[in-house]
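The values are calculated or read from the model by the stated rules, or taken from the named source; none is laboratory data. Since we're looking at a predicted model, the values are computed, not measured. Glycine gets a Cβ as well: all are built from the backbone with ideal geometry, and neighbour counts include every protein chain shown.
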Amino acid sequence: MVAYHFPPLAGSSGIQRTLRFVQHLPSFGWNPLVLSADPRAYERVSTDLEADIPPGTVVRRAFALDTARHLSLKGRYVGAMARPDRWISWRFDAVRVGMEMIHKYKPEAIWSTYPIATAHRIGAELQRRSGLPWIADFRDPMAQEGYPADPKTWQAYKDIEREAVDRAALSTFTTPSCVEEYRQRYPDRAQDLALLENGYDEDSFALAGDLASGGPLNPGAITLLHSGIVYPSERDPTQLMAALKRLHDAGQITPATLQLRFRAAVAEDLLRRLAGEHGVQDYIQICPPVPYREALEEMLRADGLLLLQASNCNAQIPAKLYEYLRAGRPVLCLSDPAGDTARVLLDAGINAIARLDDAGDIARLLQAFCQNARTSPLHTLARPDAIAAASRRGRSEALAGLLDRVSSRPGPR
(Lines give C-alpha, C1' and ligand atoms only; values in the text may rest on other atoms or scores of the structure.)
Protein backbone atom coordinates (compact mmCIF):
# COMPACT_ATOMS: atom_id res chain seq x y z
CA MET A 1 0.00 0.00 0.00
CA VAL A 2 1.74 3.15 -1.25
CA ALA A 3 0.41 6.06 0.79
CA TYR A 4 1.91 9.43 1.68
CA HIS A 5 -0.88 10.13 4.20
CA PHE A 6 -0.15 7.82 7.12
CA PRO A 7 0.63 8.31 10.83
CA PRO A 8 2.42 10.28 12.21
CA LEU A 9 1.27 12.83 9.61
CA ALA A 10 -1.19 15.32 11.16
CA GLY A 11 -3.67 17.78 9.74
CA SER A 12 -5.29 15.81 6.89
CA SER A 13 -8.51 13.81 6.96
CA GLY A 14 -7.07 11.83 4.05
CA ILE A 15 -5.00 9.83 6.51
CA GLN A 16 -8.13 8.00 7.65
CA ARG A 17 -8.68 6.18 4.35
CA THR A 18 -5.42 4.27 4.32
CA LEU A 19 -5.23 3.82 8.09
CA ARG A 20 -8.68 2.23 8.33
CA PHE A 21 -8.03 -0.04 5.35
CA VAL A 22 -4.88 -1.20 7.14
CA GLN A 23 -6.94 -1.88 10.27
CA HIS A 24 -9.79 -3.80 8.66
CA LEU A 25 -8.37 -5.59 5.61
CA PRO A 26 -6.97 -8.51 7.66
CA SER A 27 -10.55 -9.42 8.60
CA PHE A 28 -11.20 -10.02 4.91
CA GLY A 29 -8.11 -12.06 4.09
CA TRP A 30 -5.59 -9.37 3.13
CA ASN A 31 -2.44 -8.45 5.07
CA PRO A 32 -1.32 -4.86 4.38
CA LEU A 33 2.31 -3.84 3.83
CA VAL A 34 2.64 -0.06 4.03
CA LEU A 35 5.12 2.00 2.02
CA SER A 36 5.01 5.63 3.19
CA ALA A 37 7.26 8.69 3.38
CA ASP A 38 9.86 9.65 5.93
CA PRO A 39 8.12 11.88 8.53
CA ARG A 40 10.56 14.71 7.76
CA ALA A 41 8.41 15.30 4.67
CA TYR A 42 5.34 16.11 6.78
CA GLU A 43 4.59 19.70 7.74
CA ARG A 44 3.03 18.57 11.02
CA VAL A 45 3.25 15.30 12.93
CA SER A 46 1.31 13.82 15.82
CA THR A 47 1.46 10.51 17.63
CA ASP A 48 -2.28 10.36 18.40
CA LEU A 49 -3.10 7.84 15.62
CA GLU A 50 0.02 5.68 15.73
CA ALA A 51 -1.63 3.37 18.26
CA ASP A 52 -4.32 2.62 15.66
CA ILE A 53 -1.81 0.87 13.40
CA PRO A 54 -2.34 -2.85 14.16
CA PRO A 55 0.60 -4.47 15.98
CA GLY A 56 2.90 -6.29 13.61
CA THR A 57 1.94 -4.23 10.55
CA VAL A 58 4.92 -3.84 8.23
CA VAL A 59 5.50 -0.12 7.66
CA ARG A 60 8.51 1.03 5.63
CA ARG A 61 9.35 4.67 5.08
CA ALA A 62 11.34 5.96 2.13
CA PHE A 63 13.47 9.08 2.05
CA ALA A 64 11.42 12.13 1.08
CA LEU A 65 11.69 15.90 1.26
CA ASP A 66 9.18 18.71 0.91
CA THR A 67 10.58 20.90 -1.85
CA ALA A 68 8.98 24.05 -0.45
CA ARG A 69 10.50 23.57 3.00
CA HIS A 70 13.73 21.72 2.34
CA LEU A 71 14.90 22.73 -1.14
CA SER A 72 13.89 26.38 -1.43
CA LEU A 73 16.04 29.50 -1.21
CA LYS A 74 14.27 32.43 0.43
CA GLY A 75 10.96 30.75 -0.32
CA ARG A 76 11.71 30.15 -4.02
CA TYR A 77 12.50 26.89 -5.80
CA VAL A 78 12.70 25.50 -9.31
CA GLY A 79 9.26 24.48 -10.56
CA ALA A 80 10.47 21.12 -11.88
CA MET A 81 11.45 20.18 -8.32
CA ALA A 82 7.79 20.31 -7.27
CA ARG A 83 6.17 18.67 -10.28
CA PRO A 84 3.80 16.88 -10.02
CA ASP A 85 3.96 17.82 -6.32
CA ARG A 86 6.34 19.00 -3.62
CA TRP A 87 7.18 15.43 -2.61
CA ILE A 88 8.54 14.20 -5.94
CA SER A 89 11.81 13.29 -4.16
CA TRP A 90 9.89 10.50 -2.40
CA ARG A 91 9.62 8.61 -5.68
CA PHE A 92 13.23 7.55 -6.04
CA ASP A 93 13.87 5.86 -2.71
CA ALA A 94 10.27 4.60 -2.53
CA VAL A 95 10.75 2.50 -5.66
CA ARG A 96 13.90 1.00 -4.18
CA VAL A 97 12.25 0.28 -0.82
CA GLY A 98 9.11 -0.97 -2.52
CA MET A 99 11.03 -3.50 -4.60
CA GLU A 100 12.84 -4.70 -1.46
CA MET A 101 9.42 -5.27 0.14
CA ILE A 102 8.16 -7.11 -2.93
CA HIS A 103 11.17 -9.44 -2.96
CA LYS A 104 10.96 -10.08 0.79
CA TYR A 105 7.22 -10.41 1.41
CA LYS A 106 5.93 -11.62 -1.99
CA PRO A 107 2.72 -9.55 -2.03
CA GLU A 108 -0.14 -10.39 -4.39
CA ALA A 109 -1.10 -6.84 -5.33
CA ILE A 110 -0.06 -3.17 -5.23
CA TRP A 111 -2.35 -0.32 -4.14
CA SER A 112 -1.43 3.37 -4.32
CA THR A 113 -3.51 6.37 -3.33
CA TYR A 114 -3.80 9.99 -4.50
CA PRO A 115 -4.01 13.04 -3.72
CA ILE A 116 -0.21 12.97 -3.65
CA ALA A 117 0.33 12.29 -7.36
CA THR A 118 3.83 10.96 -6.74
CA ALA A 119 2.23 7.90 -5.08
CA HIS A 120 0.82 6.83 -8.45
CA ARG A 121 4.21 7.30 -10.10
CA ILE A 122 5.64 4.96 -7.48
CA GLY A 123 2.80 2.48 -7.96
CA ALA A 124 3.26 2.48 -11.73
CA GLU A 125 7.00 1.84 -11.49
CA LEU A 126 6.56 -0.95 -8.95
CA GLN A 127 3.95 -2.54 -11.20
CA ARG A 128 6.23 -2.28 -14.24
CA ARG A 129 9.15 -3.89 -12.44
CA SER A 130 7.19 -6.60 -10.61
CA GLY A 131 4.30 -7.43 -12.92
CA LEU A 132 1.93 -7.45 -9.93
CA PRO A 133 -1.67 -6.30 -10.36
CA TRP A 134 -2.12 -2.69 -9.30
CA ILE A 135 -5.12 -0.75 -7.99
CA ALA A 136 -4.77 3.02 -8.46
CA ASP A 137 -6.92 4.77 -5.85
CA PHE A 138 -7.67 8.20 -7.29
CA ARG A 139 -10.21 9.28 -4.68
CA ASP A 140 -10.98 12.52 -6.61
CA PRO A 141 -10.28 13.67 -10.18
CA MET A 142 -6.67 14.56 -11.00
CA ALA A 143 -6.32 16.73 -14.10
CA GLN A 144 -9.35 19.03 -14.17
CA GLU A 145 -10.34 22.08 -16.14
CA GLY A 146 -8.24 24.88 -14.63
CA TYR A 147 -6.60 22.61 -12.04
CA PRO A 148 -3.71 22.50 -11.50
CA ALA A 149 -3.40 26.09 -12.70
CA ASP A 150 0.21 25.73 -13.88
CA PRO A 151 0.13 24.20 -17.41
CA LYS A 152 3.24 22.07 -16.87
CA THR A 153 1.89 20.66 -13.61
CA TRP A 154 -1.47 20.04 -15.27
CA GLN A 155 0.28 18.09 -18.03
CA ALA A 156 2.21 16.07 -15.43
CA TYR A 157 -1.10 15.23 -13.73
CA LYS A 158 -2.62 14.25 -17.06
CA ASP A 159 0.31 12.00 -17.92
CA ILE A 160 0.21 10.27 -14.53
CA GLU A 161 -3.55 9.87 -14.78
CA ARG A 162 -3.35 8.33 -18.25
CA GLU A 163 -0.56 5.95 -17.23
CA ALA A 164 -2.41 4.88 -14.09
CA VAL A 165 -5.70 4.19 -15.86
CA ASP A 166 -3.88 2.29 -18.62
CA ARG A 167 -1.52 0.27 -16.43
CA ALA A 168 -3.63 -0.40 -13.32
CA ALA A 169 -5.86 -3.44 -13.20
CA LEU A 170 -8.47 -1.23 -11.52
CA SER A 171 -8.83 2.46 -10.75
CA THR A 172 -11.06 3.51 -7.84
CA PHE A 173 -12.88 6.76 -7.03
CA THR A 174 -14.86 8.03 -4.06
CA THR A 175 -17.97 9.38 -5.82
CA PRO A 176 -20.36 8.15 -8.53
CA SER A 177 -19.89 11.30 -10.63
CA CYS A 178 -16.13 10.85 -10.58
CA VAL A 179 -16.46 7.27 -11.81
CA GLU A 180 -18.76 8.44 -14.59
CA GLU A 181 -16.44 11.32 -15.52
CA TYR A 182 -13.50 8.94 -15.92
CA ARG A 183 -15.57 6.46 -17.90
CA GLN A 184 -16.24 9.24 -20.35
CA ARG A 185 -12.56 10.25 -20.40
CA TYR A 186 -11.31 6.70 -20.85
CA PRO A 187 -14.08 4.64 -22.47
CA ASP A 188 -11.61 1.88 -23.34
CA ARG A 189 -11.13 1.23 -19.60
CA ALA A 190 -14.70 1.89 -18.47
CA GLN A 191 -15.12 -1.61 -17.02
CA ASP A 192 -12.00 -1.20 -14.90
CA LEU A 193 -13.14 1.88 -12.97
CA ALA A 194 -14.86 1.29 -9.63
CA LEU A 195 -16.52 3.19 -6.78
CA LEU A 196 -14.83 2.95 -3.35
CA GLU A 197 -16.34 5.58 -1.06
CA ASN A 198 -14.97 7.11 2.11
CA GLY A 199 -16.56 6.41 5.49
CA TYR A 200 -16.27 6.70 9.26
CA ASP A 201 -14.51 4.55 11.83
CA GLU A 202 -16.90 3.16 14.43
CA ASP A 203 -14.21 2.34 16.98
CA SER A 204 -12.95 5.93 16.94
CA PHE A 205 -16.46 7.24 17.50
CA ALA A 206 -17.00 4.83 20.37
CA LEU A 207 -13.89 6.18 22.09
CA ALA A 208 -14.82 9.78 21.31
CA GLY A 209 -18.29 9.17 22.74
CA ASP A 210 -16.74 8.33 26.09
CA LEU A 211 -15.24 11.83 26.10
CA ALA A 212 -18.31 13.74 24.89
CA SER A 213 -19.78 14.59 28.26
CA GLY A 214 -18.94 18.27 28.37
CA GLY A 215 -22.31 19.55 27.20
CA PRO A 216 -22.83 22.22 24.50
CA LEU A 217 -19.79 23.90 23.00
CA ASN A 218 -21.18 27.35 23.82
CA PRO A 219 -23.93 27.11 26.46
CA GLY A 220 -26.82 29.36 25.56
CA ALA A 221 -25.76 29.80 21.93
CA ILE A 222 -26.32 27.53 18.94
CA THR A 223 -22.90 26.46 17.67
CA LEU A 224 -22.33 25.38 14.07
CA LEU A 225 -19.02 23.56 13.59
CA HIS A 226 -16.98 23.28 10.42
CA SER A 227 -14.27 20.72 11.13
CA GLY A 228 -11.39 20.75 8.65
CA ILE A 229 -9.80 22.75 5.87
CA VAL A 230 -11.54 25.72 4.26
CA TYR A 231 -10.29 26.00 0.67
CA PRO A 232 -10.57 29.55 -0.77
CA SER A 233 -12.17 28.33 -4.01
CA GLU A 234 -13.54 24.86 -3.36
CA ARG A 235 -15.09 25.85 0.02
CA ASP A 236 -15.36 29.61 -0.39
CA PRO A 237 -16.97 31.10 2.77
CA THR A 238 -17.61 34.55 1.29
CA GLN A 239 -21.39 34.25 0.92
CA LEU A 240 -21.66 32.55 4.30
CA MET A 241 -20.21 35.69 5.88
CA ALA A 242 -22.58 37.83 3.82
CA ALA A 243 -25.52 35.72 5.04
CA LEU A 244 -24.48 36.25 8.66
CA LYS A 245 -24.41 40.01 8.07
CA ARG A 246 -27.92 39.91 6.58
CA LEU A 247 -29.32 38.05 9.55
CA HIS A 248 -27.48 40.28 12.00
CA ASP A 249 -28.64 43.49 10.33
CA ALA A 250 -32.23 42.17 10.35
CA GLY A 251 -31.99 41.49 14.08
CA GLN A 252 -32.59 37.78 13.60
CA ILE A 253 -29.33 36.61 15.22
CA THR A 254 -26.81 37.92 17.74
CA PRO A 255 -23.42 36.56 18.80
CA ALA A 256 -25.13 35.41 22.01
CA THR A 257 -27.50 33.16 20.02
CA LEU A 258 -25.30 31.84 17.19
CA GLN A 259 -21.62 30.96 16.86
CA LEU A 260 -19.73 29.48 13.89
CA ARG A 261 -16.65 27.50 14.89
CA PHE A 262 -13.97 26.66 12.33
CA ARG A 263 -11.65 23.92 13.53
CA ALA A 264 -8.31 23.41 11.74
CA ALA A 265 -9.42 25.56 8.80
CA VAL A 266 -5.85 26.40 7.63
CA ALA A 267 -7.24 29.44 5.74
CA GLU A 268 -7.44 31.40 8.98
CA ASP A 269 -6.36 34.71 7.46
CA LEU A 270 -9.09 34.42 4.82
CA LEU A 271 -11.75 33.76 7.45
CA ARG A 272 -10.61 36.69 9.59
CA ARG A 273 -10.50 39.02 6.59
CA LEU A 274 -13.97 38.06 5.35
CA ALA A 275 -15.46 38.25 8.83
CA GLY A 276 -13.95 41.72 9.24
CA GLU A 277 -15.18 42.93 5.87
CA HIS A 278 -18.73 41.89 6.74
CA GLY A 279 -18.59 42.98 10.36
CA VAL A 280 -19.37 39.55 11.77
CA GLN A 281 -16.16 38.86 13.71
CA ASP A 282 -18.09 38.24 16.92
CA TYR A 283 -19.89 35.28 15.33
CA ILE A 284 -16.71 33.47 14.26
CA GLN A 285 -14.46 31.20 16.32
CA ILE A 286 -11.21 30.12 14.65
CA CYS A 287 -9.66 27.18 16.48
CA PRO A 288 -6.38 25.27 15.98
CA PRO A 289 -6.06 21.58 15.06
CA VAL A 290 -6.64 18.99 17.78
CA PRO A 291 -6.01 15.23 17.88
CA TYR A 292 -8.42 13.19 15.78
CA ARG A 293 -10.61 11.81 18.56
CA GLU A 294 -10.89 15.23 20.16
CA ALA A 295 -12.17 16.49 16.79
CA LEU A 296 -14.79 13.73 16.77
CA GLU A 297 -15.77 14.53 20.36
CA GLU A 298 -16.28 18.14 19.31
CA MET A 299 -18.58 17.00 16.50
CA LEU A 300 -20.65 15.04 18.99
CA ARG A 301 -21.13 18.17 21.13
CA ALA A 302 -21.94 20.66 18.34
CA ASP A 303 -25.50 21.87 17.79
CA GLY A 304 -24.95 21.53 14.05
CA LEU A 305 -22.26 20.45 11.61
CA LEU A 306 -21.49 22.60 8.58
CA LEU A 307 -20.35 21.41 5.15
CA LEU A 308 -18.98 23.73 2.47
CA GLN A 309 -18.54 22.43 -1.08
CA ALA A 310 -18.48 24.61 -4.20
CA SER A 311 -20.04 23.61 -7.51
CA ASN A 312 -16.56 23.23 -9.04
CA CYS A 313 -16.34 20.13 -6.80
CA ASN A 314 -19.66 18.56 -7.73
CA ALA A 315 -17.91 15.26 -8.43
CA GLN A 316 -16.26 15.24 -4.99
CA ILE A 317 -17.50 14.54 -1.46
CA PRO A 318 -15.64 15.80 1.65
CA ALA A 319 -14.48 12.77 3.63
CA LYS A 320 -15.80 14.33 6.83
CA LEU A 321 -19.37 14.08 5.48
CA TYR A 322 -19.47 10.45 6.60
CA GLU A 323 -18.17 11.36 10.04
CA TYR A 324 -20.86 14.03 10.24
CA LEU A 325 -23.49 11.38 9.49
CA ARG A 326 -22.16 9.09 12.20
CA ALA A 327 -21.97 11.93 14.74
CA GLY A 328 -25.76 11.99 14.76
CA ARG A 329 -25.89 15.78 14.91
CA PRO A 330 -27.84 18.05 12.57
CA VAL A 331 -26.02 18.66 9.28
CA LEU A 332 -26.28 21.86 7.22
CA CYS A 333 -24.82 21.70 3.73
CA LEU A 334 -23.81 24.71 1.63
CA SER A 335 -23.31 23.24 -1.83
CA ASP A 336 -24.79 22.80 -5.28
CA PRO A 337 -27.97 20.69 -4.92
CA ALA A 338 -26.97 18.89 -8.14
CA GLY A 339 -23.58 17.74 -6.79
CA ASP A 340 -22.62 14.43 -5.23
CA THR A 341 -22.25 15.93 -1.75
CA ALA A 342 -25.87 17.07 -1.73
CA ARG A 343 -26.98 13.79 -3.30
CA VAL A 344 -25.47 11.69 -0.51
CA LEU A 345 -27.16 13.85 2.12
CA LEU A 346 -30.52 13.75 0.37
CA ASP A 347 -30.28 9.97 0.08
CA ALA A 348 -29.57 9.88 3.83
CA GLY A 349 -32.70 11.92 4.58
CA ILE A 350 -31.06 15.33 5.05
CA ASN A 351 -32.48 18.23 3.06
CA ALA A 352 -30.92 21.21 4.87
CA ILE A 353 -29.07 22.39 1.77
CA ALA A 354 -28.35 25.88 0.45
CA ARG A 355 -26.16 27.05 -2.40
CA LEU A 356 -22.67 28.04 -1.28
CA ASP A 357 -22.64 30.99 -3.70
CA ASP A 358 -26.04 32.45 -2.67
CA ALA A 359 -26.08 34.57 0.50
CA GLY A 360 -29.87 34.80 0.49
CA ASP A 361 -30.26 31.04 0.27
CA ILE A 362 -27.76 30.54 3.09
CA ALA A 363 -29.49 33.16 5.26
CA ARG A 364 -32.83 31.40 4.87
CA LEU A 365 -31.31 28.05 5.84
CA LEU A 366 -29.52 29.50 8.87
CA GLN A 367 -32.63 31.32 10.04
CA ALA A 368 -34.77 28.19 9.76
CA PHE A 369 -32.15 26.12 11.56
CA CYS A 370 -31.79 28.60 14.41
CA GLN A 371 -35.56 28.66 14.88
CA ASN A 372 -35.89 24.86 14.93
CA ALA A 373 -32.50 23.54 16.12
CA ARG A 374 -33.66 22.71 19.62
CA THR A 375 -37.20 21.59 18.72
CA SER A 376 -37.53 19.73 15.40
CA PRO A 377 -34.18 19.17 13.67
CA LEU A 378 -35.18 15.88 12.01
CA HIS A 379 -34.73 17.21 8.47
CA THR A 380 -31.05 17.66 9.33
CA LEU A 381 -30.46 14.16 10.75
CA ALA A 382 -29.36 11.08 8.79
CA ARG A 383 -31.40 7.89 8.78
CA PRO A 384 -29.88 5.01 10.78
CA ASP A 385 -29.59 2.78 7.70
CA ALA A 386 -27.61 5.47 5.85
CA ILE A 387 -25.24 5.79 8.79
CA ALA A 388 -24.71 2.02 9.06
CA ALA A 389 -23.90 1.73 5.35
CA ALA A 390 -20.99 4.20 5.54
CA SER A 391 -18.63 2.43 7.97
CA ARG A 392 -14.92 2.08 7.16
CA ARG A 393 -15.18 -1.64 7.86
CA GLY A 394 -17.73 -1.95 5.08
CA ARG A 395 -15.51 0.05 2.73
CA SER A 396 -12.59 -2.26 3.59
CA GLU A 397 -14.69 -5.28 2.71
CA ALA A 398 -15.36 -3.65 -0.66
CA LEU A 399 -11.64 -3.06 -1.22
CA ALA A 400 -10.91 -6.69 -0.29
CA GLY A 401 -13.36 -7.77 -2.96
CA LEU A 402 -11.55 -5.64 -5.53
CA LEU A 403 -8.20 -7.09 -4.45
CA ASP A 404 -9.65 -10.58 -4.79
CA ARG A 405 -10.80 -9.64 -8.28
CA VAL A 406 -7.47 -8.31 -9.54
CA SER A 407 -5.45 -11.14 -7.97
CA SER A 408 -7.87 -13.77 -9.32
CA ARG A 409 -8.15 -15.49 -5.98
CA PRO A 410 -11.37 -16.41 -4.18
CA GLY A 411 -12.54 -14.24 -1.32
CA PRO A 412 -12.50 -15.34 2.33
CA ARG A 413 -14.86 -18.15 3.35
### Summary
Taking segment 230-248 and keeping only residues that are out of contact with any Pro (no Cβ under 9 Å at 6 or more places or on another chain) and not in a helix (DSSP H, G or I), one is left with Tyr231, Pro232, Ser233, Glu234, Asp236, Pro237
### Task
Consider Cys287 carefully, then state whether it is surrounded by 22 or more Cβ atoms within 10 Å (Cβ to Cβ), of a type outside the set (S, T, N, Q) and at negative phi.
no
### Query
Name the pairs whose Cβ atoms lie under 8 Å apart, with the first residue in segment 144-166 and under 10 Å from Pro84 (Cβ atoms) and among the hydrophobic types (A, V, I, L, M, F, W, C), the second assigned to a helix (DSSP H, G or I) and at pLDDT 95 or above, and 6 or more positions between them or separate chains?
Ala156/Ala117; Ile160/Ala117; Ile160/His120; Ile160/Arg121; Ile160/Ala124
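Name every residue in segment 283-330 that is among the hydrophobic types (A, V, I, L, M, F, W, C), farther than 18 Å from Thr257 by Cα and assigned to a strand (DSSP E or B), in order of residue number. Give the steps one after another, and end with the answer.
Let us first name the residues in segment 283-330 that are among the hydrophobic types (A, V, I, L, M, F, W, C), namely 284, 286-287, 290, 295-296, 299-300, 302, 305-308, 310, 313, 315, 317, 319, 321, 325, 327.
With farther than 18 Å from Thr257 by Cα added as a condition, the list becomes 287, 290, 295-296, 299-300, 307-308, 310, 313, 315, 317, 319, 321, 325, 327.
The answer is Cys287, Leu307, Leu308.
Residues checked against (1) over 14 Å from the mean Cα position of the chain (by Cα); (2) charged (D, E, K, R); (3) within 18 Å of Ala354 (Cβ to Cβ):
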site	(1), (2), (3)
Glu294	yes, yes, no
Gln309	no, no, yes
Ile317	no, no, yes
Tyr324	no, no, yes
Ala327	yes, no, no
Val331	yes, no, yes
Ala338	yes, no, yes
### Message
Based on this model, can you work out whether Trp87 counts as among the aromatic types (Phe, Trp, Tyr) and in contact (Cβ under 8 Å) with a residue 40 or more places away in the chain?
### Response
yes
### Task
Would you mind stating whether Pro84 is closer than 24 Å to Leu132 by Cβ, crowded, with 18+ Cβ neighbours inside 10 Å and under 21 Å from the mean Cα position of the chain (by Cα)?
yes
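Under the condition of being in a loop (DSSP other than H, G, I, E, B) and more than 21 Å from the chain's Cα centre (by Cα), which residue from segment 33-59 is nearest to His5 (Cα to Cα)? Full working, then the answer.
Here is the first cut: in segment 33-59, the residues in a loop (DSSP other than H, G, I, E, B) are 38, 42-44, 46-49, 53-57.
So of that shortlist, the ones also more than 21 Å from the chain's Cα centre (by Cα) come out as 38, 54-57.
Values: Asp38: 11, Pro54: 16, Pro55: 19, Gly56: 19, Thr57: 16 Å.
Applying the filter and picking the extreme gives Asp38.
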### Summary
All conditions in (1) at pLDDT below 95; (2) buried (at least 18 other Cβ atoms within 10 Å of the Cβ); (3) hydroxyl-bearing (Ser, Thr, Tyr) are true of Thr67 except (1)
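Could you tell me whether Ile15 is under 15 Å from Ile116 (Cβ atoms) and either in contact with a His (Cβ under 7 Å, 6 or more places away or on another chain) or assigned by TED's automatic domain parsing to the domain that holds Ala94 (or both)?
On the way: under 15 Å from Ile116 (Cβ atoms): yes; either in contact with a His (Cβ under 7 Å, 6 or more places away or on another chain) or assigned by TED's automatic domain parsing to the domain that holds Ala94 (or both): yes.
So Ile15 fits the description; yes.
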